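The block underneath contains the structure these notes are about, expressed in structure tokens.
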Amino acid sequence: MPFFPTAPVRIQPYFGYRNEERLFITARALRSRDSSFAKSGKWQAMRTMMGQFASHEVEGLPVELEIAAPGQQSQRHQGVTDKEGFVHFDIRLEGDWPYGEEPEWETVSFHWSNGEGEHCLDGHVLAPGKSTSLGFISDIDDTIIETGITGNFRAVMRNWRRVLMQMPEERILVPGADVFYNALGGGQDHHGQNGHAGDHQRASRRPFFYVSSSPWNLFSYLVTYMKGRGLPLGPIMLRDWGLNRATFGSSSHGAHKRAAIDGILATYPDMKFALIGDDSQGDLTAFADVAASNPGRVRAVFIRKVGEAMSPEELAAKQSLKSANIPLWLGEGYEEGRKFLASIGLLEDDEAQNVVKSVGKGETEAA
């Protein structure tokens, strides 16, 4: 099995991001084979997915991160993996690190030794463009994919067949999500090519960030899903599922998302953000609280309606957004949103207007 502790040590890089002063990226040291999600029989699929969840982390592994600014020599920074196998790099950028004209993926390199020699693997860091004034922060669970693991271990058990036996290409895309997200972000980027530290690749026209209560073990699965469905790629903030009661609680779930959103807003103080979620996990209430705590930073809120009647807390959140003159869209399918996008200035060109064509039932509260 791929999660046996005798497998070679490999590094799993996660998507990073930066501003002109700091760079943030995380990787994880695991004893496992590289993830492959080719369509196969149900037992091979279960074996593949069990390998994602039953990871064997490597503590105390020295890892070097190589970064390079345009036209400059590369720099190396040292890190060591923690007890969960993670190595977190928060680097103050020395010298001049300007943005390109448009959002870009910048290549970095991870270096480590696994006892069989020296190894090097690319990572990717998202940098907004010089003229970028708006970004998107999106939920994943039940917003673009029905994960079956929205917050706790019991949910995994209730949805074990979906979680453990369906490959990314078999999962159902939330209706209209690909069309809607590409209208907002300007199409899929070219991230994923091999390169060297300092290389640049085009990203989506507007930067996307994703937050989810799913475990880090599903990172490769979710990236494969996004690529296959043509969704804009972006840094994905997942959660460490330690085997303790606090990790599985709903308060931890909400705190994780809030901390991730606050970190993104703090990294880009000159940008505004539109927030995208659904009503199955309290996203409307959480987004209204983010907006209240960060006046002038939230451009719009999009909520896909999964449940039925709104709770008193959600009604209060809706009123709070209205009082702050923040446009709110509530709808059952993303294909319903063209008029709302146009009304708040997020359909800026003919291409985007042609992509999102239909308007169905949905409720909007536009300022």
Could you please find all residues in the range 56-113 being under 21 Å from the mean Cα position of the chain (by Cα), within 20 Å of Arg10 (Cβ to Cβ) and part of a strand (DSSP E or B)?
Phe86, Val87, His88, Phe89, Thr107, Val108, Ser109, Phe110
Considering residues of the range 101-117 that are under 16 Å from Val80 (Cα atoms) and at pLDDT 90 or above only, the residue surrounded by the fewest Cβ atoms within 10 Å (Cβ to Cβ):
Ser113
Residues in the range 77-86: is at least one in contact with a Lys or Arg (Cβ under 6 Å, 6 or more places away or on another chain), at pLDDT 95 or above and under 15 Å from Cys120 (Cβ atoms)?
no
When you look at Phe219, is it open to solvent by less than 20 Å² (accessible area, probe 1.4 Å) and modelled with pLDDT of 90 or more, yes or no?
no
With (1) among the polar types (S, T, N, Q); (2) modelled with pLDDT of 80 or more; (3) more than 18 Å from Thr143 (Cβ to Cβ) as the list, and Thr285 as the residue in question, which single condition is left unmet?
(3)
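Taking the conditions exactly as written (in contact with a Pro (Cβ under 7 Å, 6 or more places away or on another chain) and at pLDDT below 95), does Ala366 satisfy them or not?
Values: in contact with a Pro (Cβ under 7 Å, 6 or more places away or on another chain): yes; at pLDDT below 95: yes.
Spelling it out, Ala366 is indeed in contact with a Pro (Cβ under 7 Å, 6 or more places away or on another chain) and at pLDDT below 95.
In the range 1-33, which residue that is of a type in the set (Val, Ile, Thr), open to solvent by less than 20 Å² (accessible area, probe 1.4 Å) and more than 19 Å from Gly234 (Cα to Cα) is modelled with the lowest pLDDT?
Taking the candidates together, the pick is Val9.
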For Gly60, all conditions in the list (1) open to solvent by 20 Å² or more (accessible area, probe 1.4 Å); (2) at pLDDT 95 or above; (3) of a type in the set (Gly, Ala, Ser); (4) touching an Asp or Glu at 6+ places or on another chain (Cβ under 8 Å) hold save one; what is the number of the exception?
(4)
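The values are calculated or read from the model by the stated rules, or taken from the named source; none is laboratory data. Since we're looking at a predicted model, the values are computed, not measured. Cβ: placed from backbone, ideal geometry, glycine included. Neighbour counts: every protein chain shown. For accessibility, only protein heavy atoms count, side chains too; no ligands or nucleic acids. Shrake-Rupley method; radii C 1.70, N 1.55, O 1.52, S 1.80 Å.
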